[in-house]
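The values are calculated or read from the model by the stated rules, or taken from the named source; none is laboratory data. Please read these numbers as outputs of a predicted model, since none were measured by experiment. Every residue, glycine as well, gets a Cβ built from its backbone with ideal geometry; the counts of neighbours run over all protein chains shown. All accessible areas refer to the heavy atoms of the entire protein, side chains included, with ligands and DNA or RNA removed. Shrake-Rupley method; radii C 1.70, N 1.55, O 1.52, S 1.80 Å.
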Amino acid sequence: MRPVQTASSVVGAAFLLVGVLGFVPGVTTHYDELGFAGHSGALLLGLFAVSVLHNLVHLLFGVFALLAAKTTQFSRMFLVAGGGLYVLLWVYGSAIGEHGDSNFLPVNTADNWLHLGLGAAMIGLGVAATAVERSRSDSPVN
């Protein structure tokens, strides 16, 4: 497995873990307030706003990352494009009100900053892992 594929696998496993933990009472505080979408009082680790939809998005993103890890090309695409989506989610989450109707996932301030860091890290992993692979060979990475 090439470095970019390993990075995609690790990110995918992390998304799956977060998606599952969002459904675990105790790990998710105020679990009784977990709604399907929109504002939810449930907080993963007592900090990050979650809903059923938000947890399902994490699970789907994790599955997609693991499927993408089968090839270097799809791994790179997942990390860079997925990271870009998370940066856009940070912009969106920062622009809407936490309790507004537009907050359909839901996201809060902690989620917003996590999304920015996650997006930047994913893009960085996609670029850096590809650069490492290219430096190890004379031919371009597929």
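Some observations on this one:
- Here the condition is being surrounded by 21 or more Cβ atoms within 10 Å (Cβ to Cβ) and in contact with a helix residue (DSSP H, G or I) (Cβ under 6 Å, 6 or more places away or on another chain); of F78, F74, it holds for F78 alone.
- Checked against (1) at pLDDT 95 or above; (2) open to solvent by 50 Å² or more (accessible area, probe 1.4 Å), M1 passes all but condition (1).
- Residues that are hydroxyl-bearing (S, T, Y) and touching a residue at least 12 places away in the same chain (Cβ under 8 Å) within the range 1-36 comprise T6, S8, S9, T28, T29, listed in sequence order.
- Among the residues making up the range 103-142, those that are surrounded by 14 or more Cβ atoms within 10 Å (Cβ to Cβ) and of a type outside the set (A, V, I, L, M, F, W, C) are N103, P106, N108, D111, N112, H115, G119, G124, G126, T130, E133.
- Scanning the range 81-102 for residues that are small (G, A, S) and over 13 Å from the mean Cα position of the chain (by Cα), we see that the one that is least open to solvent (accessible area, probe 1.4 Å) is G93.
- Any chance V57 is touching a strand residue (DSSP E or B) at 6+ places or on another chain (Cβ under 6 Å) and under 18 Å from A37 (Cβ atoms): no
- If you go through the range 32-42 and keep only what is open to solvent by less than 40 Å² (accessible area, probe 1.4 Å) and either hydroxyl-bearing (S, T, Y) or closer than 15 Å to G19 by Cα (or both), you end up with L34, G35, S40, A42.
- Matching residues in the range 53-71 - criterion: being over 30 Å from A131 (Cβ atoms) and open to solvent by less than 40 Å² (accessible area, probe 1.4 Å): H54, N55
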